[in-house]
Amino acid sequence: MNSVAETILDVRNLAVSIATPDGVVNPVKGVDLTVRKGEIVGVVGESGCGKSTTIKGVLKLLGPNSTVTADKIELAGHGDISGFKPRQMNTIRGRAVGFVAQNPFGSLNPIYTIERQFYELQKAHRTGVSKRESREIARDMLNGVGIVGPERVLNGYAHQLSGGMAQRVVIALATTLSPKLLFADEPTTGLDATVQAQILDLITGLVADEGRSMLLVTHDLGVIAQYCQRVVVMYGGEVVEQGSVMDVMVSPQHSYTQQLIGSVPKSGEKLNVAR
Amino acid sequence: MTLAPVEGAKIRGPKRASGPWRLVLGRLGFLVAALFGVMTLSFLLVSVTPGDPARLIAGPLADETQVTAIEAELGLDRPLGERYLDYMGGLVQGDLGDSYYSKQPVIDEIASKLPATLTLVLLSVALAAVLGVVVGAVGAYFRTRWPDSVGRLFTGIFQAVPDFFLGLMLIYVFFFVLGIAPAPAGQLAFSETAPARVTGFIPIDSLVAGDTSLFVSSLKHLVLPVLTLGLVYAAYFAKTARTTVGRALNSQQVHFARAMGLPERTVLRYAFVESRTTIVTYAGVIFAALLGGEAIVERVFAWDGIGTWALTGILRLDLPVVQGMVLVAGALTLITYTLLDIVVGLLDPRIKHA
Amino acid sequence: MPDVFAAPKGRQFRLLVKEHPGATMGVSFIALLLLASLVAPLPYDPTATDGSSSLLAPGAQHWFGTDGAGADVFSRVIAAARIDLSLALAGTLLSLGLGLPLGLMASGKGKGSEWLVRALDAFQAFPLLILALALVSLSGNKLYMVVVAIALINVPRYIRLMRSEILSLRESRFIEAAIAMGASTSRVTFKHLLPNVWGIVLVQTSLTIANAIVVIASLSFLGVGVSAPTPSWGGMIRDGAGNMASGEWWIAGFAGLAVLLCVLAFNQLADAIGDRTARTYR
């Protein structure tokens, strides 16, 4: 990994506040993040630590009762996007930044065919795309994510797919417009263990092949160790530690990181069984 | 990169070819069975209901011989089984009996009154659906902000107001105070005569007859009754739409669509197609409930439909009319539900064509 | 959300009032109306007519005006609460009394419950108002038949509601756990299922009262059920219906307003209970 590679995403002091009936909560407080070209950055932390909210905040995908502030959100080729209006954000979403969420069934529209969903996506970002053209691109994309016989999938609906297939379709959709950066929010949650590895291999492979970068949100340190170059550890809405995976894993500085790493059972370790 | 290819052929294929037809045939089979049930119930309702129709018809001053004579005339003295077979036999031939009062065949009376009711109900459901879905969807989109609060206030009020009372208030405001609505005298003013009967639907028939002023008058007479039912049932639509559209707007597929940079218009459409089956179902249920359920509103506006006809029939114990109404409303409801099942099955790919 | 049930009694009440102002106002209104109709001295005898003072507009003498027969509309609107609300409560109690056991029976897994639901579906296909009207009118206008008619309309709703709720509850872990631990059917039903459906049953009961008030008003509006000279809101709307087109809005107006406010009150109460139940579940 070249450590002086071009910076793709630079987030400074990102904060999110959400107004609830019981008052304002701050799930994300002053987060700094950097993603360089060709790099996979893992974001790890317990449930509710603000890791998903952080990436949704960057894309301004949080609801109307939330406020996102940042000193800057610099996206290569687009400048500082922190002040972008919703309409401007739509030129970033999907086109500059792809998004893969957990639970693939939920991500797909249940009423439209898969083909239609590819068409809607391309129609939104390219003027004058024809249905025939869109279908050909969709077929190529499905081939690219390892789906054999994509025609039947294109004519079918989300509920007819298996979980792994649905997530492959979602990944195909997320990369259709060749974004340089991918956000993956726990992309394997809810899938079978064997399928999880396939999906992670697929998505990291797509990143490596095309010279993309990725922010991978997970709570699984094993995934971080296997796939990421750098890791960001979040706790209570703040980044408590970040650095290369090797450094953080071998010599964690923050006590939460130490506990997190300590909680992973190691091979050969004797289990403390109460008698 | 190692990648295990996935068989596209594993996909559970949609049974497109036979699916819709199997659905339609299955539903029609159920429809026939259910119609038989409705026929039986409409017979039982009048035959074994507590009370003595002959005595009620004869009035409190009648003596036993008069009551017996009425019983014989109505066929009430014959055994139940025989009457049942007679009744069902007649129904199969399209004979619903004759009204005790007008002596006209019930089926003819229904045929002449049904168009007026259908006009009213169809337009009211259309108004209620459009108005209610807009208010509900806007409320869902601006949840807990002012458009939502205003919408919910009106929804709450119109859900609580009895439709016939709202009709009276509208008559007071728009006819008496403002003078912009015609008198509540039915489908046309007293002074006007109905156009030659072609379809039975007065607005259409007056167009066929080439009488534009009659057409306009018939539309004016529709405004208040349609507004009455439309406002009340729009409140129900709004409540349902707010919940279902709200749920769809919060669904992951909508979040994903937004994350893919689809314009807000398309995102809203994604949310709407997810909730449309619920809304269509609701429209069907309301349509069915209004057939007969709008009888009192018909009465308030002197609307000459089957609602008014049935109310009059019930109040003077015209048993064949009561049976006819129950039968027609039951049958129309069943037909509506059957059509609904088919439409929803075609609108939503998730519903299995079983 | 502040947890109402964890707070001390006095504060509990204040929190409830603050969270559900609509329901609080509604319940107060109903209580006041009932109290007034039962014990308060009315300004005029609600059944007394006076030909010399007919169709007087609302004013200092007659707060809500007088009707065509010269009776005081205010006194009649208050007095009508007695019969209208008690019939509504009676009808609701009967609906609850029949709907609860039938709902439990229909929530079994057997074929029988399947058929019962099918039969209910077919029954719902009838125009219920026409059916209720036919029932009351064929019975020779007996008041108890109004109560029966309300039950006829509302019992199927209880059954459907309880069935769908219990069927989904049966799938949940804690019921499975109870069965796995060897709890008897009756124990599961009474200790585990029923306590969890009380919330929605209460919501439905509040809605049933609202529906009953409208059914009673509709029947009396058509001249069935409560008959003159006993004052009823539906009957007053009937009396004043003809006057609407000639401008005397107050006869039907105030009676209709009473119905509207009562229904609004019980709907608000249902919303508040539903809100509360939904939160306890979480």
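Between B:Asp63 and B:Ala111, what is the label-to-label distance in nm when each label sits 7 Å out along the Cα-to-Cβ direction?
Using points 7 Å along Cα→Cβ, the separation is 4.4 nm.
Determine, for C:Ile273, A:Ile18, the number of other Cβ atoms within 10 Å of each Cβ, and report the residues in order from fewest to most.
In increasing order of surrounding Cβ atoms, one gets A:Ile18, C:Ile273.
Using Cα atoms only, what is the angle between the long axis of helix C:73-106 and the major principal axis of chain C, expressed in degrees (0 to 90) to the nearest 10?
Tilt relative to chain C: about 20 degrees.
What is the Rg over Rh value, at two decimals, for the stretch C:121-177, using alpha-carbon atoms and the Kirkwood definition of Rh?
Rounded to two decimals, Rg/Rh equals 1.25.
Fewest Cβ neighbours within 10 Å first, please rank A:Lys29, B:Lys113 accordingly.
The most exposed by this proxy come first: A:Lys29, B:Lys113.
Could you work out which residue, out of C:Ser220, C:Ser107, C:Ser246, moves most in a Gaussian network model of chain C, that is, has the largest mean-square fluctuation with Cα springs under 10 Å?
Evaluated over chain C, the most mobile residue of the options is C:Ser246.
Counting each DSSP H run of 4 or more residues in the protein assembly as shown as -39500 (n - 2.57), what helix-only mean residue ellipticity at 222 nm follows after dividing by all residues, to the nearest 500 deg cm²/dmol?
-19500 deg cm²/dmol
When only C-alpha pairs under 8 Å and at least 6 residues apart count, what is the relative contact order of the stretch A:1-107, in percent?
It rounds to 28 percent for the stretch A:1-107.
Using a 7 Å offset from Cα along Cα-Cβ at C:Met25, what residues in the stretch B:147-181 end up with backbone N under 20 Å from the label point?
Label zone hits: B:147-162.
Using only the alpha-carbon atoms, what does the stretch C:79-223 span along each of its principal axes? Please give whole angstrom values in decreasing order.
58, 32, 17
log₁₀ I(q)/I(0) of the protein assembly as shown at q = 0.04, 0.07, 0.08 Å⁻¹, via Debye over equal Cα point scatterers, no solvent, to two decimals?
-0.26, -0.74, -0.92
Taking each full run of DSSP H in chain B as one helix, which ones are at least 24 Å long along their axis (Cα atoms) and have mean Kyte-Doolittle hydropathy of at least 1.6?
TM-like helix candidates: B:106-141, B:319-347.
What number in nm² do you get for the stretch B:106-347 if you take the convex hull of its Cα atoms and divide its surface by four?
For the Cα atoms of the stretch B:106-347, the hull's average projected area reads 15.7 nm².
Need the C-alpha centroid separation for the stretch C:197-260 versus the stretch B:158-209, integer Å.
Distance between centres, Cα-based: 23 Å.
Kirkwood hydrodynamic radius (Cα pairs, Å) of chain C?
21.1 Å
Of the chymotrypsin sites (Phe, Trp or Tyr not before Pro) in the stretch B:183-270, which ones lie in a loop per DSSP and count no more than 11 other C-beta atoms within 10 Å?
Answer in residue order: B:Phe190.
Distance check, please: which entries in A:Lys56/A:Lys85; A:Lys37/A:Lys123; A:Lys29/A:Lys51; A:Lys29/A:Lys60; A:Lys29/A:Lys56; A:Lys85/A:Lys180 exceed 19 angstrom between their Cα atoms?
Result: A:Lys37/A:Lys123; A:Lys85/A:Lys180 exceed 19 Å.
Sort out for me the Cα centre separation of the stretch A:94-171 from the stretch C:115-184, rounded to whole Å.
If we compute the Cα centre of each part, the gap is 45 Å.
Taking only Cα atoms and a 10 Å spring cutoff, compute GNM fluctuations for chain B and point out the largest among B:Ile279, B:Ile157, B:Ile202.
Looking only at B:Ile279, B:Ile157, B:Ile202, the largest GNM fluctuation is found for B:Ile157.
Give me a comma-separated list of calculated 3J(HN,Hα) values for the stretch C:160-176, in order, Karplus coefficients 6.51, -1.76, 1.60 applied at θ = phi - 60°, integers in Hz, x for any Gly or Pro.
My calculation for the stretch C:160-176 gives 4, 4, 5, 4, 5, 5, 5, 4, 6, 5, 4, 6, 7, 4, 5, 6, 4 Hz in order.
How large is the Kirkwood hydrodynamic radius of chain A, counting all unique pairs of alpha carbons, in Å?
About 19.8 Å for chain A.
Can you find, among C:Val214, C:Ala270, C:Met105, the residue sitting farthest towards the positive end of the charge dipole of chain C, where Lys and Arg contribute +1 and Asp and Glu -1 at Cβ?
Result: C:Met105, furthest along the dipole toward the positive end.
Which of B:Gly156, B:Gly179, B:Gly293 moves most in a GNM of chain B, Cα contacts under 10 Å?
B:Gly179
Within the set of other residues whose C-beta is less than 15 Å from the C-beta of C:Leu100, count the net charge using Lys and Arg as +1 and Asp and Glu as -1.
Combined, the nearby Lys, Arg, Asp and Glu give +2.
On full extension of the chain, what length is gained from B:Val173 through B:Val343, given 0.36 nm per residue of separation minus the C-alpha to C-alpha distance?
Gain on extension, B:Val173 to B:Val343, equals 57.2 nm.
Using alpha carbons only, how many angstrom separate the centre of the stretch A:43-89 from the centre of the stretch A:198-244?
With the stretch A:43-89 and the stretch A:198-244 each reduced to a Cα centre, they are spaced 18 Å.
Tell me, what is the percent relative contact order of chain C, built from C-alpha pairs under 8 Å that lie six or more residues apart?
For chain C, the relative contact order is 24 percent.
Can you list which of the chymotrypsin sites (Phe, Trp or Tyr not before Pro) found in the stretch C:10-117 are DSSP loop residues with at most 16 other C-beta atoms within 10 Å?
Passing sites in the stretch C:10-117 are C:Trp63.
If I stretch the segment between A:Gln258 and A:Ser130 completely, what's the gain in nm (0.36 nm per residue apart, minus their alpha carbon distance), one decimal?
40.7 nm
Using a Cα-Cα cut-off of under 12 Å, which aspartates and glutamates could be cross-linked to A:Lys72, ignoring same-chain neighbours fewer than 8 residues away?
A:Asp10, A:Asp32, A:Asp80
No lab work stands behind these numbers, since they all come straight from the coordinates. Bear in mind the structure is a predicted one, so any value in this text is a computation, not a measurement. Note that each Cβ is placed from the backbone with ideal geometry, even for glycine, and that neighbours are counted across all protein chains shown.
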